[in-house]
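Report on one structure; see the data block that follows.
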Amino acid sequence: MIKYKKKIVFSAIQPSGNATLGNYLGAIKNWRDMQDEYDCIFALADLHAITVRQKPKELKENVIRNYALFIACGIEPEKCNFFIQSHVTAHSQLAWILNCHTQIGELSRMTQFKDKSKQHTENINAGLFTYPCLMAADILLYDTNFVPVGRDQKQHVEIARNIAQRFNSTYGETFILPEPLIPKLGAKIMSLKNPEKKMSKSSLDEDSTIFILDKPDLIIKKIKRAVTDSESSVKFTENETTGINNLIVIYSCITNKTFLEIEIEFENKGYGFFKNKVAEAIIEKFSSIQKKFDLLIKDKDFLEKCQKESTRKASEKASITLSRIYEKIGL
Ligand code: TYM
């Protein structure tokens with residue numbers, strides 16, 4: 001196996017629709033902060049996105065928009081490798097091999113499969129079921145050590161590790177065993193309308209989700225409408241999933257203030273005042289990203305150049321791993 005100077009980080013995000021505050025705090029912000037210390041590889045998982053029916057033209061546009069958006073969020077294509085999953089064919093090739101080394105029983109236990117097949121009863125396709133094998137391929141192709149993800153993806157990283165372990169014990173040392181990196185804070189940002197549920201880009205109630213590209217008025221409106229409980233003090237209650245806990249976590253992630261500092265700052269101030277400050281903090285964070293995005297999305301040449309270069313680098317690395325695997329299994 002190749003020895004690398006820095007530990008390798010891989011993560012990906014689906015480019016369907018617009019990225020949310022949850023994606024930002026649970027993943028992208030942490031990706032951004034890892035670029036100096038690690039050899040970082042990030043992807044837009046467009047092959048995963050088609051497990052749910054997409055409109056082709058919209059998908060193409062969303063890929064370009066999300067590519068520009070994540071660069072605007074601080075992903076630096078000069079520092080890391082940021083590419084589009086379907087452009088590197090080794091992902092699908094390894095996914096097939098891993099399909100043949102994954103048990104139906106373990107795939108049936110995936111909570112995302114159970115949730116998504118309830119949501120999309122008209123299209124419970126095989127891709128939705130074997131989704132974790134493609135995700136394992138993404139991770140294992142790059143000899144990944146760490147996978148920074150939100151809490152909802154932890155189970156998928158664990159199955160990737162199990163598949164790798166089984167493969168290694170059958171064919172000898174082939175894969176590095178990846179570890180999930182879950183942030184201490186912000187690993188699961190909840191819906192603003194239902195704090196029992198994850199904030200999600202596909203929620204039917206638009207007020208439940210803040211998108212990175214939401215304009216200030218909309219952010220203020222959504223935060224004002226966020227559910228809070230009947231009490232009125234800004235206090236974090238351990239082990240509870242309340243609306244106020246969720247807002248405190250969001251505010252803490254953005255301002256880097258501790259819960260105690262937040263409680264002191266808003267003592268006797270009431271929810272209305274606190275919500276204004278939360279909205280202001282989000283607006284401040286996202287407005288500079290939005291300005292960068294507006295410039296980048298017009299610079300098609302730059303985006304194309306970055307994509308081409310990262311596809312080249314990723315393909316080179318992935319094909320080395322794939323040859324190693326072909327050799328092991330006798331292909
Ligand atoms: P996706 O596109 O659903 O989400 C991308 C990242 O955002 C995190 N996230 C959240 N974090 C906190 N609070 C939330 N409400 C929230 N919503 C989403 C997710 O945990 C994730 O880290 N299958 C993956 C994409 C993928 C991938 C991979 C990830 C494909 N291949 C390989 C890691 C490694 C997905 O659908 O993420």
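Once Rg and the Kirkwood radius are both taken over the C-alpha atoms of region 189-331, their ratio Rg/Rh works out to 1.18.
Taking the protein heavy atoms of the chain in the context of the full set of protein chains, the accessible area attributed to carbon and sulfur is 53 percent at 1.4 Å. Each residue of region 40-46 in order: what ³J(HN,Hα) in whole Hz does its phi give by Karplus 6.51 cos²θ - 1.76 cosθ + 1.60, θ = phi - 60°, with x for Gly and Pro? Working through the residues one at a time gives 9, 10, 10, 9, 9, 8, 6 Hz. Applying 1/(1 + (r/R0)^6) with R0 = 51 Å to the Cβ-Cβ distance of SER108 and GLU284 gives a FRET efficiency near 0.70.
For the residues ILE182, ILE264, ILE297, a GNM of the chain with alpha-carbon springs under 10 Å puts the largest fluctuation on ILE264.
Dividing the mean sequence gap of close Cα pairs (under 8 Å, 6+ apart) by how many residues the chain holds gives a relative contact order of 22 percent. Using only the Cα atoms of region 56-112, build the gyration tensor, take square roots of its eigenvalues as a ≥ b ≥ c, and label the shape rounded, prolate or oblate: rounded if a/c is under 1.5, else prolate if a/b is larger than b/c, else oblate. Judged from the Cα gyration tensor, region 56-112 comes out prolate (a/c at least 1.5, a/b above b/c). Two tests apply to each whole DSSP H helix in the chain, Cα reach of 30 Å or more along its axis and mean Kyte-Doolittle hydropathy of at least -1.0, and the ones passing both are 270-296, 300-329.
Each semi-axis of the equivalent ellipsoid for the chain is √(5λ) with λ an eigenvalue of the Cα gyration tensor; in descending order they amount to 36, 22, 19 Å.
In the chain, helical runs assigned H by DSSP with n ≥ 4 each contribute -39500 (n - 2.57); averaged across all residues and rounded to the nearest 500, the mean residue ellipticity at 222 nm is -16500 deg cm²/dmol. Evaluated on region 260-306, the Kirkwood hydrodynamic radius is 13.3 Å, with distances taken between all distinct Cα atoms.
Accessible surface calculations at 1.4 Å, restricted to protein heavy atoms, place the chain at 49 Å² per residue. For region 120-219, the share of alpha carbon pairs falling in successive 10 Å distance bins from zero is 14, 32, 31, 18, 5, 1 percent. Taking the chain, the Cys residues with no second Cys beta-carbon under 4.7 angstrom are CYS73, CYS100, CYS133, CYS253, CYS306. Label sites at ILE50 and LEU204, each approximated as a point 7 angstrom past Cα along Cα to Cβ, lie 2.8 nm apart.
The values are calculated or read from the model by the stated rules, or taken from the named source; none is laboratory data. Note that the structure is a prediction, hence the values are computed from the model and not measured. Using ideal geometry, Cβ is built from the backbone for each residue, glycine included, and neighbour counts are taken over all protein chains shown. In case anyone asks, the SASA skips ligands and DNA or RNA and just uses the protein heavy atoms, side chains included. Shrake-Rupley method; radii C 1.70, N 1.55, O 1.52, S 1.80 Å.
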